[in-house]
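Read-outs throughout are calculated quantities, based only on the coordinates presented, and are distinct from any laboratory measurement. What you are looking at is a predicted structure, and each value in this text was computed from that prediction instead of being measured.
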């Protein structure tokens with residue numbers, strides 16, 4: 001197992017719960033937010049691309065934009 005495996009998963013899932021809530025609010029407000037997904041660990045960012053992932057420390061070249 002990779003270092004921090006379950007704690008990384010927990011952190012990612014906490015963020016997903018926040019994003020689901022925000023996505024529902026955006027849908028109700030008829031908005032289309034941008035998301036960036038870390039292709040290494042699955043962490044999702046909203047509103048801008050960070051320099052590196054706070055979970056796995058991958059650089060921003062490993063992110064995919066999801067609209």
Computed helical MRE - 222 nm, the chain, DSSP H runs ≥ 4 contributing -39500 (n - 2.57), nearest 500: -12500 deg cm²/dmol
Length released on extending from residue 13 to residue 62, taking residue separation times 0.36 nm less the Cα-Cα span: 15.7 nm
Compute the angle between helix 5-28 and the longest alpha-carbon principal axis of the chain, please, reported from 0 to 90 degrees and rounded to the nearest 10. 10
Out of all Cα-Cα pairs in segment 5-66, roughly what percent, to the nearest whole number, are more than 13 Å apart? 61
